[in-house]
1. How about segment 46-94: which chymotrypsin sites (Phe, Trp or Tyr not before Pro) there lie in a loop by DSSP and see at most 15 other Cβ atoms within 10 Å?
2. Students often get this wrong, so check it: of Lys36/Lys63; Lys55/Lys87; Lys36/Lys68; Lys24/Lys49; Lys24/Lys68; Lys36/Lys88, which have C-alpha atoms separated by over 21 Å?
Amino acid sequence: MDWNLSRSRYWGTPLPVWVSEDQKELKCIGSVLELKREIEKAVAAGFMKHNPLEKYTKGDYGKENYEKFDLHRPFVDEIFLVSESGKKMIRETDLIDVWFDSGSMPYAQKHYRLP
C-alpha cells in the first residue's frame, strides 16, 4: 500500500482492502453494508463459516447496531472474501495513517454522507 496513506501498525483503522493470495486481485470495500454482502459470498464459497455482520441493520446508525460487530483488529483480520475469479482474499494488514483518521473524525462522528 502507499506509504502516504497507510502504516504498518497494529492499532488504528484497518484499510478496507482485501487482496487475493496470489496478489493478482484487489477489492476495496466502501461500506459496512457492502462488506456484509461480500462476506455472504465468502460464506457461500466456503471461506467463512458465518457472517459476523449478519445482525447489522442497514440505515440504523444507533449505538446498539454498531455494537453488534467490531471492524478493528484482530476481528477484521478474521474476515475473508472471495475474488471475482473465486480465489480466497485476505485483508491488507496495513492501517490508515492516524493523520487521515483524525482528520476525518468531524465527519465520521456525524455520519456525514459524501456526494
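Read-outs throughout are calculated quantities, based only on the coordinates presented, and are distinct from any laboratory measurement. All values reported here derive from a predicted model rather than from experimental measurement. As a convention, Cβ positions derive from the backbone with ideal geometry for all residues, glycine included, and neighbour counts pool all protein chains shown.
1. Tyr61, Phe75
2. Lys55/Lys87; Lys24/Lys49; Lys24/Lys68
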